[in-house]
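Report on one structure; see the data block that follows.
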Amino acid sequence: MSLEFLLTSLVVVLLPGTGVIYTLATGLGGGFRAGVAAALGCTFGIVPAALASIVGLAALLHTSALAFQVIKYLGVIYLFYMAWSILKEGGAMDVDEEKDTVGLRKIAIRGALINVLNPKLSLFFLAFLPQFVSVNSNGATVELITLALVFMAMTFAVFVGYGAFAAAARDYVITRPAVLNWIKKSFAGAFGLLGLRLALSD
């Protein structure tokens, strides 16, 4: 496993995307344990995309416009739903001091769905992982699985860090409703923009 792979993966994981935004929003709304649940869900949501790229199924999304469009628009609908759920009363970012132990499984499932319903993730793995497999390797499949597991481990560690950072800001937010309202609108807008960007992708 090369240093180039580790550094490239770290950059990719650190970049703000749907998973990062979801983990930050969840950590801010529900505390550290909720942030960890979100990180775990987003990490496990990578599994289908990684497996698809390893067995070559991701090629179907690349060659079949219909398959790509179906998954894409399911993802778009889900991102818009996440934007709405943040803004609604009692939604994902309603901050409550007692909320940090509630619905951890639901939080993880939502995080997993964010990645499962993103067809571009499968295409990313299809293009990304093979670059770091040894040219003369006799165990390419094992290498690909190892690289995917390392990428997932890095994703989980970084996302837990994002969740911890957001959870640490809860006390500040709890006492400032106007700040929370602004943050909720910002996160909802971010999900809406990500959904729009996915809808316009080819």
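Below are the figures for this structure:
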{"item": "Check on residue 172, assigned to a helix (DSSP H, G or I), surrounded by 13 or more Cβ atoms within 10 Å (Cβ to Cβ) and among the aromatic types (Phe, Trp, Tyr)", "result": "no"}
{"item": "Any hit, region 132-145, residues being acidic (Asp, Glu) and either modelled with pLDDT of 75 or more or outside any helix (DSSP H, G or I) (or both)", "result": "yes"}
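The values are calculated or read from the model by the stated rules, or taken from the named source; none is laboratory data. All values reported here derive from a predicted model rather than from experimental measurement. Because the Cβ atoms are built from the backbone with ideal geometry, glycine has one as well, and the counts that use them run over all protein chains shown.
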